[in-house]
Amino acid sequence: MYFIQALQYCIDNRLIFAAYRLPHTDAVRLIVQKSPVSNRVSIHSKLFDSKGFLISPFIENDLNFSYLINPDLNYISTDYVDFDELMAIPQIVPSEEIFGNGVIGKKEFITQVEAIIQAISENTFEKAVISRIKVLERNYRSKLTEIFQLLCSSYTNAFVYIANVGEQLWIGATPEPLLCSHKNELESVALAGTREYNAENLNLHNWSQKERVEQELVTKFIERSLEKLNIGYLQKNGPYTKKAGNLIHLRTDFTLSFQEVNGQLGELVKELHPTSAVCGLPKTEAMQFLLQLEKHNRGFYSGFLGPLNLDERLLLFVNLRCMQVMKDRLILYVGAGITAESDAEEEWNETEIKADTLLSVIHKV
């Protein structure tokens, strides 16, 4: 069986699996769990000694859990897949899907943004990241391998994935690392501010004060998170402009020493997540406000995901530019960072531009 046929088989039979392609690489890895029972986990340091594919939600609660997909079968895109191995895995009978809707229009989104700006003026928090959903009513399951391949070819510097666990199927192409290991170092990224990609926006000096402030807040959040755990960073590089598909962002890179982290990986991940790039600052106050304001459940959107120790590396990414696949619809998730200088109309336009990252690919199929 060819690799793409194996991936489609996993989708069709609702096996617990994850396929992913790392930024700036060509090879796709597919891991498949033999057990039909999703493996719930909690985020702690011992978890990071495990092997598998970790996916964690924006917030853990009675609706949203973290899962580790066990790599019982492990394939690379150049491999020929043993069909008998896949056939031996029990198929999962899907339960009835529940779609809570939560779609809002432009007018309501602007009202939400204005509520956040008002809260900022009252010193409730400095920044909050509002999200919304767009829904495409159609069954796309038979097109998912094609969509996955198009995301890989269209967004070479993104982490592209498709994963099914906890009876949820998600696909995405995210530009934002949360925490990734490289040799004896760890890397994290402050990513904020979004514009359409063009030559003018490559110049940092052409970005507004609002966008620079938003980026600086994310950068300070990472610095404070490291300080809380007494972890120093080896190097800080940025801010600079970074292309991500049809978009461009402001970005600052942090390099840490594994030795400095000293067995605190779980604590570090929990301190970093959710970053102020997807939640706000201060984190607790912004999150409480957003949970009351937003009408949809974010689920895995703005959570984090990636492989643990599959190539002796930790590779976790913030789950942006993503969508949940349901029987007869796709649910796209997009967000915008709101500060005191935000303009509600411009923030709506930013979410439309972000949605086009996925829509431009979906429209091709």
Check your understanding: Does Glu260 satisfy the condition of being among the acidic types (Asp, Glu), in contact (Cβ under 8 Å) with a residue 12 or more places away in the chain and more than 20 Å from Lys127 (Cα to Cα)?
Key -> yes
Study note, to complete from the structure: Filtering segment 167-191 for residues that are on the phi < 0 side of the Ramachandran plot and out of contact with any strand residue (DSSP E or B) (no Cβ under 6 Å at 6 or more places or on another chain) leaves a count of 3
Review point. Applying the selection to segment 324-354, what residues are out of contact with any strand residue (DSSP E or B) (no Cβ under 7 Å at 6 or more places or on another chain) and farther than 24 Å from Arg138 by Cβ?
Key: Ala340, Glu341, Ser342, Asp343, Ala344, Glu345, Glu346, Trp348, Asn349
Review point. Just wondering, is there one or more residues in segment 218-235 that are at pLDDT 90 or above and in a strand (DSSP E or B)?
Key: yes
Point to revise | Filter result for Ala340 (at negative phi and surrounded by fewer than 15 Cβ atoms within 10 Å (Cβ to Cβ)) | key: yes
Review point. Considering Leu30, Leu68, which residue is closer than 30 Å to Gln288 by Cα, touching a strand residue (DSSP E or B) at 6+ places or on another chain (Cβ under 9 Å), in contact (Cβ under 8 Å) with a residue 24 or more places away in the chain and buried (at least 20 other Cβ atoms within 10 Å of the Cβ)?
Key: Leu68
Exercise for review: Mind counting the residues in segment 308-319 that are at pLDDT below 95 and either crowded, with 20+ Cβ neighbours inside 10 Å or closer than 21 Å to Ile11 by Cβ (or both)?
Suggested key: 2
Exercise for review: Being in contact with a strand residue (DSSP E or B) (Cβ under 6 Å, 6 or more places away or on another chain) and within 26 Å of Ile120 (Cα to Cα) is the filter here, so list the residues in segment 299-318 that pass it.
Suggested key: Tyr301, Gly303, Val318
Review point. Of the residues Tyr80, Tyr67, Tyr75, which is touching a Phe, Trp or Tyr at 6+ places or on another chain (Cβ under 9 Å) and in a loop (DSSP other than H, G, I, E, B)?
Key: Tyr80
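The values are calculated or read from the model by the stated rules, or taken from the named source; none is laboratory data. Everything numeric here is computed off the predicted structure, so don't read it as measured data. Positions of Cβ are backbone-derived with ideal geometry, glycine not excepted, and every protein chain shown enters the neighbour counts.
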